[in-house]
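Enquirer: Next up is a structure, given as structure tokens.
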Amino acid sequence: MIVTTTPGIDGRSITEYKAVVSGEAILGAHIFKDFAAAVRNIVGGRSAAYENEIRTARATALAEMTEEAAALGANAVVGVDLDFETIADSMLMVSASGTAVVVAF
């Protein structure tokens, strides 16, 4: 499955538009990650724990989106948009949305 943020795919023509598809992932961090991130905020540096959570959430949201597209008979998703939001104090939501299409190969 081709997944792209662009509205089309160079060298390929879109033969059918299926539907807007999306996937979401909401992950919570636990107290140890929160504590480590707080320390990082004070002394500086990157929070590997939160970076890993974001990567996991992004991968989950994209996987759900492409599964929905495949179920519709699409072989690509164009115009993909990723949104990152915090919910409550330590919940992370990542949503991915795009247009499921059929492209000619």
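Every read-out reported here was derived from the displayed coordinates using simple, explicitly stated rules and does not represent laboratory data. Here the structure is a predicted model, which means the values were calculated and not measured. Using ideal geometry, Cβ is built from the backbone for each residue, glycine included, and neighbour counts are taken over all protein chains shown.
Enquirer: Between ASP10 and ASP89, what is the FRET efficiency for a Förster distance of 41 Å, r being their Cβ-Cβ separation, to the nearest 0.05?
Expert: Once rounded, the FRET efficiency stands at 0.40.
Enquirer: So, one more: Give me VAL102, VAL77, VAL21 ranked fewest to most by other Cβ atoms within 10 Å of their Cβ, as a rough exposure proxy.
Expert: By the 10 Å Cβ count, ascending: VAL102, VAL21, VAL77.
Enquirer: Please list, by residue number, everything in region 15-29 whose backbone N is under 12 Å from a paramagnetic label point 7 Å out along Cα→Cβ of THR56.
Expert: Backbone N within reach: 26-29.
Enquirer: Still on this structure, I have one more. Where in region 76-105 does the amide nitrogen come within less than 20 Å of the point 7 Å from the Cα of ALA70, taken along Cα to Cβ?
Expert: Correct set: 76-81, 95-105.
Enquirer: Sorted from fewest to most neighbouring beta carbons within 10 Å, what does the list SER95, SER13 look like?
Expert: Going from sparsest to densest Cβ surroundings: SER13, SER95.
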